[in-house]
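In what follows, a structure is listed as structure tokens, so that the remarks can point back to it.
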Amino acid sequence: MDPASASPHIVVMRETAGVEWRIEDRLVPYPEALAAMDARVAAIHAGTAPEQVWLLQHPPLYTAGTSARRSDLLVPDRFPVYPTGRGGQYTYHGPGQRVIYAMLDLRRRRGIGVHRYVHALEEWVIRALARFNVRGERRADRIGVWVVRPDKATEEKIAAIGVRVRHWVAFHGVAVNIDPDLSHFSGIVPCGIADHGVTSLLDLGLPVSMPDFDTALRATFDEVFAETAGDTLRQVETGRQPETGARVWTRRTGVDT
């Protein structure tokens, strides 16, 4: 997947305490992403910035969650390895993988704790995959989204999830395999699970573009995370970003004011 083919930056907001959507058209270095998330989480907590869903790709790298075991890093010198404060173990990020950093204030989402939030992230991915006739499933003992492979008599992970919560603002998020080089996962035991492999939409015979998957993510986000049942959402072009010329969109609830 050519990162330059991704959509331009898009901003989607509700009328009240909106959610901003940002889509990168480049490979974002991991330390830069961590710094940006830290700054955004602080701003969300302080009430000076809206929540944000950031869609991006990284150059090839491994990340180590708080439960990572050194023995699961099988080829230590293959790619850079970054310790991270998110939950989980080792995972791979690279081109062709849609990384979704969801910086959401759990205080705004009535009755949603950390475990329910992780469940909601899984549901979001499952609904997005369903747009391409892929049946994603969750497992009680394994976080993430899984696809049963009758052709291989097994099931494989298509999406990994790892989150961190600071001051009740969740960040990090989800990595969905669109068309990455799956051989890059062989340098680790992905998420500490040796008994099941990994797959991608392309591996399943579906050459889905990154912009098309982003559209599915945007379409299903409100189904899962909408705070008020029955909202009618419409998308309106409200201008262009002065620094990039990218279009700015606003999703409005109800009628224009």
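The figures follow:
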{"read-out": "Segment 62-158 - share of DSSP beta bridges that are antiparallel (%, nearest 5)", "value": "75"}
{"read-out": "Kirkwood hydrodynamic radius of segment 143-201, Cα pairs, Å", "value": "12.7"}
{"read-out": "Per principal axis, descending, Cα span of segment 119-164 in whole Å", "value": "35, 24, 14"}
{"read-out": "Stokes-Einstein diffusion coefficient of segment 52-97, Kirkwood radius over Cα pairs, 20 °C, 1.002 mPa s, in µm²/s", "value": "190"}
{"read-out": "Fraction of accessible area attributable to carbon and sulfur, segment 75-225 (%, probe 1.4 Å)", "value": "53"}
{"read-out": "Dipole axis of segment 89-186 (+1 Lys, Arg; -1 Asp, Glu on Cβ), positive-most option in 177, 102, 154", "value": "102"}
{"read-out": "Cα convex hull of segment 131-233, projected area averaged across orientations, nm²", "value": "8.7"}
{"read-out": "Within segment 32-191: Cβ-based charge dipole about Cα centre, in debye rounded to nearest 20 (Lys, Arg +1; Asp, Glu -1)", "value": "540"}
{"read-out": "Label zone at residue 67 (point 7 Å along Cα-to-Cβ), backbone N below 11 Å, segment 172-204", "value": "191-193"}
{"read-out": "Where labels lie 7 Å past Cα in the beta-carbon direction, separation of residue 181 and residue 212 in nm", "value": "2.4"}
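The values are calculated or read from the model by the stated rules, or taken from the named source; none is laboratory data. As the structure is a computational prediction, the values presented were derived from the model and not from experiment. No Cβ is skipped: glycine too gets one built from the backbone with ideal geometry, and neighbour counts run over all protein chains shown. Accessible surface is based on the protein model in full, side chains and every heavy atom, while ligands, DNA and RNA are left aside. Shrake-Rupley method; radii C 1.70, N 1.55, O 1.52, S 1.80 Å.
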